[in-house]
Amino acid sequence: MRSTIYNKVWGKPKSIAGAFLRRKCDSIPENRRLMVVTILLSLFILTAFFVFGNACYRIGRGQAAVERIETGHIEGLTLPDDDNGESPDMEQLKKSAYELAGAENENQ
C-alpha cells in the first residue's frame, strides 16, 4: 500500500516530467544544449560564491547571527549522609534494578 501511494505521488509524476524534459531537450541542437548547461552551471557557481562571500563578510564584521552563550559553574549536589555510607533508598534502588533486569538479586 505504501509503495502504491509513493508511486502515485512521486514515482509516476517524476517519470512523466523526466520523459517530457527528455523529449524537449532532444529537439534542441547539441551546441545550444551545451550552451544552456554552461550558462546554468555558471549562474549556480556565481550564486554559490556570492552566498559564501557574503557569509564570510558578515562573520568578519561581527554581524553573524550567533548568540553569545553564557557559561556558569556547576554546583555540587548535596547527597544525604547515612551511617554506613548508603542511604536506605539506595538499597531499594539496587534491589529494584536487579529485579527489572531479570538478573538474580545480589542478596540471594
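The values are calculated or read from the model by the stated rules, or taken from the named source; none is laboratory data. If you're wondering where the values come from, they're calculated on a predicted model, not measured in any experiment. Heads up, the Cβs are rebuilt from the backbone with ideal geometry, glycines too, and the neighbour counts pull from every protein chain shown. In case anyone asks, the SASA skips ligands and DNA or RNA and just uses the protein heavy atoms, side chains included. Shrake-Rupley method; radii C 1.70, N 1.55, O 1.52, S 1.80 Å.
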Inset, instruction - Calculate the spin-label point distance for L34 paired with H73, positioning each point 7 Å from the Cα along the beta-carbon direction, and give it in nanometres. - result: 7.1 nm
Legend entry - Karplus-derived 3J(HN,Hα), 6.51/-1.76/1.60, for each residue of segment 4-14, Hz, glycine and proline x: 5, 5, 4, 5, 5, 7, 10, x, 5, x, 5
Inset, instruction - Keeping all protein chains in position, work out how much accessible area C56 exposes to a 1.4 Å probe, and write it in Å² to the nearest 10. - result: 70 Å²
Inset, instruction - Calculate, in whole percent, how much of the Cα-Cα pair population of segment 1-65 lies beyond 17 Å. - result: 67 percent
Legend entry - Cβ crowding within 10 Å averaged over residues, with 28-34, 73-79 ranked highest first: 28-34, 73-79
